[in-house]
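Enquirer: One structure is given below, represented as structure tokens, and several questions about it will come after.
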Amino acid sequence: MTELLAARARQVIRTGEGETGIECEKQSVAGSVSQRACTFCGSRVVLYPIADAVHLVHGPIGCAVYTWDIRGALSSGPELHRLSFSTDLRERHVVFGGEQQLEASLVELIERHHPKAAFVYATCIVGVIGDDVSAICRQVSERYGIPVVPVQSEGFQGSKKQGYDAACEALMSLIGTADASDVGPHTVNLLGDFNLAGEIWIITEYLKKMGVEVVANLTGDGRVDDIRKAHGAGLNLVQCSGSTTRLAMQMQAAYGIPFKKISYFGIDDMAAALYAVAEHFKDPEMLQRTRELVSAEIAEILPVIEECRRDLEGKRAAIYVGGAFKAISLVKALRLLGMKTVLAGSQTGTRDDYEYLTELCDPGTVIVDDSNPAELSAFLSEGKADLFIGGVKERPLAYKLGVAFCDHNHERKLPLEGFIGMANFAREVRASVCSPVWQFAPRHQNSEPQTLEV
Amino acid sequence: MLNHTPTEIAERSALRINPAKTCQPIGAMYAALGIHRCLPYSHGSQGCCSYHRSHLTRHFKEPVMAATSAFTEGASVFGGQPNLLEGLKTVFTTYSPDVVAVHTTCLSETIGDDIPQIVGEAKRQEIIPEGKYVIHANTPSYVGSHVVGFANMCTSMATYFAKEVKSPRRRTTDKHQINIVPGFVDPSDMRELRRLAEATGLKVTMFPDTSGVVDTPQTGKHIFYPEGGTTVTELQNLGRGVATMALGWWASRDAAIEVEKKAYVPREILDLPIGIGATDRFLKILKFRGGEITKELERERGQLVDLIVDTQQHFHGKKVAIFGDPDHVLALTEFCRDLGMVPVHVLTGTPGKRFGEEANRILGAKAGNIKFEGDLFTMHQWIKNEPVDLLLGNTYGKHIARAQDIPFVRVGWPILDRVGHSLMPTVGYAGAIRLASRMLDALLDRRDRDAPEHQFELVL
Ligand code: SF4
């Protein structure tokens, strides 16, 4: 077996070998080439798509640059979120504090753009230099009469997950601050969908056809005023469970809104999500409409799936994504295309997620938490993968090994959610797996059982 | 997206909008990749390392390896010594690099970790194997910019490796060896600089050298440490060079000074050789230091001049806006001036008032808006007030180019939405031919697009 960082041995298991109880939710090993991001990244991801708020990164310039317009979280209206605002802290602020800088920046932004709210992200050094971000936010909020929300997202607090929590807290502070008496019963909030490539619009359209209205998109194409009355909705739909389950639980406790964890990837999971909604509202007509919708949508994409399946049958796929919930949907979607999963891993999965993954996958599949490039490339070669599904850092790794690639992260350019998304996914996978370039490109030149090539 | 930019320009003191720079550590990471079998090491939170790797990957379309100390809450209070010791242990046992190049982040700087002291401790604990090296550079994110981080790591290479010479008389020189610090440029540029210098008959020690590291061929393998990079032996022998040529005042100067301090190797501080004038000066110094300007080099230069003669009427009087890293922007400004264009807006995000002085010197009476430590919000406002025919800069210019509907040529770092820069140079005569052609394409494509039918001509 591929040599592992010794301390990570229990973060990798193989299905069918009686191994269970993967270790996860651990801090990355110091000195590892981890693929993971940090707390700030997690907060920024969740709140970023609120398009009519200003997002001010309080700290030295880097954090603001690396999160500037890199996510295709589309907005149907304002695009304030796509600009990069930073207090650009300099040495003098490190010595004397950055509070004045923060306040002046907020004032300038609010006076120029008249946003509905402002989020202030405290990055690595803000706490250390002693800035009282909450106090400044409170003052400015009082002065301008809009919510100014501090997000405690210092990178060292942990991985993305801690950042998700900080973001959920920020959202929670907005929810319930507006009148929701006009919100009807058959209504939902969408949580954990980032509207990448316009995916939320697809889902909203399905719901509309069923007779369900969306009150607030909390994490994609979001609007402050919608979020403020999100507490009026009848149901919360939680995708990307890692990021927003906690928020859903808090909303349940505070406002009694039930939630369902769903996924919009793949035919099975997409249909299951819509049925879950219809069943929840216990409206037979809605259920009927849902059935019609699902069968019409499936009928439309089935020919595409079948056509792609002919080219993909028997091919082998590896998955390494942010959250394990997505990995689960992907394993199923790949099956539909006749493909076998040889590696399934994530940066931030929970024990429950991994247990489910282990059950779902064929024997011999490698299940991995918080991996690194050397490990991934070894597993890819060992499993003779034809396709790798991952994010920005994984893409060149796959290509160097001669393996096809599909970005299932925030750099995807086509919607992959919904039924139409499954068709897009099938086409994209086929396009990469069947690219004529592979006839010229050597593959898995180090596929023998091996130790890492270093 | 940029409809949020007002035309009216107001004084701003605190806020940075749409930056034209980023933080030091990413520059240090890129520089460290240019040492053979070196693993860059980010001493801070894991997110920094992840961001820097992703960003470099987007530009180079290559895997970028770097390790992190993965700070926790505890480290932010008690210091990062345990993390760095643990990290070094992990790195040497798992990834066996020859060199680990540690850079700091805003967090480890603020809490005041003393890297040499911790590395000393690592030595005492025998964490660093025999014959392996740990070097470091301080790269506080709240000082300078990514360019300064790059420069700091280059300087550290000289500090740690260049063999000290006690007095100028004790110096042994290899009269064929020239040291070159290429600056924060693409691997294609480093290759081209080497080719030009070698064409004069000299032997080149280039540091750092990321060619062969972040421009590798597809082989079916992921090689953790590719073939490229300056070797430790080369760095140790920097003192033998007849001179050290620092290309770019911001990115390279300090490293050359350091080699001079340690080993009495004279420094030659030059502009980045982009365009005719700057490339001429580069070759002139190579000649002065013992190189020979061959017929072949003269031919190359002649071809470039010929191309410009053929096309100068299209460039003449065109207004251009240029932004990016200071060494790039100044060299590009000179090149545009020499093409007969008018650089009306010139901006860098990196601090340093020398930038303004140099830009003014290059442009003389024609100088327009010039700013260091600026951002793209300012650049956009300038362009709204005085429109241009062409925009030159990194990918972040695309928002402005679209909002104002101006032709845009991508040059500099980062380029996140096009390819070619890693493989085809911008420096030297060949680079100038490519750059001038791309600029001309952009201008003429626009002319063709906008021409009324009766003025749309086949031959231009
Ligand atoms: S925390 Fe500091 S070093 Fe890290 S990315 Fe942000 S600005 Fe750069």
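Enquirer: Calculate the tail of P(r) for region A:187-291: the fraction of all Cα-Cα distances greater than 25 Å, expressed in %. Don't skip to the answer; put the middle values down first.
Expert: Working: 630 of 5460 pairs.
That tail contains 12 percent of the Cα-Cα pairs.
Enquirer: A further question follows. For region B:248-264 and region A:190-235, what is the separation of their Cα centres, given in Å?
Expert: Distance between centres, Cα-based: 57 Å.
Enquirer: Label-point separation (nm) for B:ILE269 and A:ASP268, each offset 7 Å from Cα along Cα-to-Cβ?
Expert: About 6.6 nm, to one decimal.
Enquirer: For region B:296-454, what size does the Cα cloud have along each of its three principal axes, sorted from largest down, in whole Å?
Expert: Computed over region B:296-454, the largest-to-smallest principal extents equal 42, 40, 35 Å.
Enquirer: Once a ≥ b ≥ c are taken as the square roots of the eigenvalues of the Cα gyration tensor of region B:124-212, is the result rounded (a/c under 1.5), prolate (a/b larger than b/c) or oblate (a/b not larger than b/c)? Write down the numbers at each step before the final one.
Expert: On the way: a/c = 1.80, a/b = 1.17, b/c = 1.54.
Since a/c reaches 1.5 but b/c is at least a/b, the shape of region B:124-212 is classed as oblate.
Enquirer: Using the Kirkwood radius over Cα pairs, work out the Stokes-Einstein diffusion coefficient for chain B at 4 °C and 1.567 mPa s, in µm²/s as a whole number.
Expert: Working: Rh = 23.0 Å.
It comes out at roughly 56 µm²/s.
Enquirer: DSSP loop chymotrypsin sites (Phe, Trp or Tyr not before Pro) in region A:346-454 with at most 16 other Cβ atoms within 10 Å of their Cβ, which ones? Write out the running numbers ahead of the final one.
Expert: On the way: sites: A:TYR354, A:TYR356, A:PHE379, A:PHE388, A:TYR399, A:PHE405, A:PHE419, A:PHE425, A:TRP438, A:PHE440; in loops: A:PHE440.
Loop-located and lightly packed - A:PHE440.
Enquirer: Next question. Assuming R0 = 56 Å, can you tell me the calculated FRET efficiency for the pair B:THR172 and A:GLU142, based on Cβ-Cβ distance, to the nearest 0.05? Before the final figure, lay out the partial values.
Expert: Numbers: r = 72 Å, r/R0 = 1.28.
Calculated transfer efficiency: 0.20.
Enquirer: Here's another thing I want to ask about it. For chain A, what does the helix formula give at 222 nm: sum of -39500 (n - 2.57) over DSSP H segments with n ≥ 4, over the residue count, nearest 500 deg cm²/dmol? Walk me through the numbers before you get to the answer.
Expert: On the way: 16 runs with 193 residues, N = 454.
Mean residue ellipticity at 222 nm (helix-derived): -13000 deg cm²/dmol.
Enquirer: For chain A, the longest stretch holding no GluC sites (Glu not before Pro) located in a DSSP loop with at most 11 other Cβ atoms within 10 Å is which?
Expert: Working: sites that count: A:GLU17, A:GLU313.
Maximal segment without exposed cleavage sites: A:18-312.
Enquirer: For region A:187-291, what is the relative contact order in percent, using Cα pairs closer than 8 Å and at least 6 residues apart in sequence? Numbers along the way, then the final one.
Expert: Numbers: 161 pairs, mean separation 27.1, N = 105.
Computed value for region A:187-291: 26 percent relative contact order.
Enquirer: If you average 1/r over every pair of different alpha-carbon atoms in region B:371-460 and take one over that average, what Kirkwood value in Å do you get? Don't skip to the end; give the middle numbers.
Expert: Values: mean 1/r = 0.0682 Å⁻¹.
The Cα-based Kirkwood calculation yields 14.7 Å.
Enquirer: Compute the normalised compactness of region A:265-329: alpha-carbon radius of gyration over 2.2 N^0.38 Å, N being the residue count. Before the final figure, lay out each step's value.
Expert: Values: Rg = 15.2 Å, N = 65, 2.2 N^0.38 = 10.7 Å.
Ratio of Rg to 2.2 N^0.38 Å for region A:265-329: 1.41.
Enquirer: Related question: Can you work out the FRET efficiency for the pair B:ASN3 and A:GLU411, with r the C-beta to C-beta distance and R0 = 22 Å, to the nearest 0.05?
Expert: Values: r = 25 Å, r/R0 = 1.13.
Once the sixth-power term is evaluated, E becomes 0.30.
Enquirer: Across the residues of B:63-76, average count of Cβ atoms on other protein chains within 10 Å?
Expert: Values: counts 13, 4, 5, 2, 8, 9, 4, 12, 9, 6, 6, 1, 2, 8.
Mean number of neighbouring Cβ atoms from other chains: 6.
Enquirer: Specify the longest stretch of chain B that does not include any exposed loop site, a site being one of the GluC sites (Glu not before Pro) with a non-H, G, I, E, B DSSP assignment and at most 12 other Cβ atoms within 10 Å. Mind showing how you got there, number by number?
Expert: On the way: sites that count: B:GLU8, B:GLU11, B:GLU126, B:GLU130, B:GLU164, B:GLU227, B:GLU292, B:GLU457.
The longest uninterrupted stretch comes out as B:293-456.
Enquirer: Roughly how crowded by other chains is peptide B:17-28, in terms of the mean Cβ count from those chains within 10 Å of each of its Cβ atoms?
Expert: Working: counts 10, 9, 9, 2, 4, 8, 9, 3, 2, 3, 0, 0.
Rounded to a whole number, the mean comes out at 5.
Enquirer: How big is the dipole moment of region B:316-460 about its Cα centre under a simple scheme where the beta carbon of each Lys and Arg is +1, that of each Asp and Glu is -1, and everything else is neutral? Debye, nearest 20, please.
Expert: Working: 18 positive and 18 negative charges, 35 e Å.
That gives region B:316-460 a dipole magnitude of about 160 debye.
Enquirer: Compute the Cα gyration tensor for region B:24-143, then decide on rounded, prolate or oblate, letting a ≥ b ≥ c be the square roots of its eigenvalues: rounded whenever a/c is under 1.5, prolate when a/b is larger than b/c in the other cases, and oblate in all that remain. Walk me through the intermediate numbers first.
Expert: Numbers: a/c = 1.73, a/b = 1.11, b/c = 1.57.
Here region B:24-143 falls in the oblate category.
Enquirer: Summing -39500 (n - 2.57) over the DSSP H runs of n ≥ 4 in chain B and dividing by its residue number, what mean residue ellipticity at 222 nm do you reach, to the nearest 500 deg cm²/dmol?
Expert: Values: 17 runs with 207 residues, N = 460.
Taken over chain B, the calculation gives -14000 deg cm²/dmol.
Enquirer: On full extension of the chain, what length is gained from B:PHE288 through B:PHE78, given 0.36 nm per residue of separation minus the C-alpha to C-alpha distance?
Expert: Numbers: separation 210, 0.36 × 210 = 75.60 nm, distance 5.39 nm.
So the chain would gain 70.2 nm between B:PHE288 and B:PHE78.
Enquirer: Quick one: grab the alpha carbon gyration tensor of region A:39-174, order the square roots of its eigenvalues as a ≥ b ≥ c, and give me rounded if a/c is under 1.5, else prolate or oblate depending on whether a/b is larger than b/c. Don't skip to the answer; put the middle values down first.
Expert: Numbers: a/c = 1.42, a/b = 1.12, b/c = 1.27.
Taking the square roots of the gyration eigenvalues as a ≥ b ≥ c, region A:39-174 is rounded.
Enquirer: Given +1 on the Cβ of Lys and Arg, -1 on the Cβ of Asp and Glu, and no further charges, what dipole in debye does the protein assembly as shown carry about its Cα centre, rounded to the nearest 20? Working shown, then result.
Expert: Working: 97 positive and 110 negative charges, 436 e Å.
That gives the protein assembly as shown a dipole magnitude of about 2100 debye.
Enquirer: Tell me, what is the FRET efficiency for B:ARG449 and A:ALA135 to the nearest 0.05, using R0 = 60 angstrom and their Cβ-Cβ distance as r? List each step's numbers first, then the result.
Expert: On the way: r = 54 Å, r/R0 = 0.90.
The formula returns an efficiency of 0.65 here.
Enquirer: List the trypsin sites (Lys or Arg not before Pro) in region A:266-345 that DSSP assigns to loop (not H, G, I, E or B) and whose Cβ has at most 16 other Cβ atoms within 10 Å. Which are they? Before the final figure, lay out each step's value.
Expert: On the way: sites: A:LYS282, A:ARG289, A:ARG291, A:ARG309, A:ARG310, A:LYS315, A:ARG316, A:LYS326, A:LYS332, A:ARG335, A:LYS340; in loops: A:LYS282, A:LYS315.
Loop-located and lightly packed - A:LYS282.
Enquirer: Also: List the chymotrypsin sites (Phe, Trp or Tyr not before Pro) within region A:102-149 that fall in a DSSP loop (any state other than H, G, I, E or B) and whose Cβ has at most 12 other Cβ atoms within 10 Å.
Expert: Values: sites: A:PHE119, A:TYR121, A:TYR144; in loops: none.
Hits after loop and neighbour filter: nothing returned.
Enquirer: 7 Å from Cα along Cα→Cβ at both B:ASP441 and A:LEU302: what's the point-to-point distance in nm?
Expert: Taking the simple label geometry, B:ASP441 and A:LEU302 are separated by 4.7 nm.
Enquirer: Cα-based Rg of region A:230-381 per 2.2 N^0.38 Å, rounded to two decimals? Mind showing how you got there, number by number?
Expert: Working: Rg = 17.8 Å, N = 152, 2.2 N^0.38 = 14.8 Å.
Here the Cα radius of gyration is 1.20 times the empirical estimate.
Enquirer: Using the basic label-point model (7 angstrom from Cα toward the beta carbon), what is the A:LYS209 to B:VAL459 distance in nanometres?
Expert: 5.9
Enquirer: Residue by residue through A:373-379, how many Cβ atoms from other chains fall within 10 Å of the Cβ on average?
Expert: Numbers: counts 6, 6, 1, 2, 5, 1, 0.
Across A:373-379, the average partner-chain Cβ count within 10 Å equals 3.
Just so you know, all these numbers are worked out from the coordinates, no wet-lab data involved. Everything numeric in this text was worked out from a predicted model, so none of it was measured. All Cβ positions, even for glycine, are placed from backbone atoms using ideal geometry, and neighbour counts span all protein chains on display.
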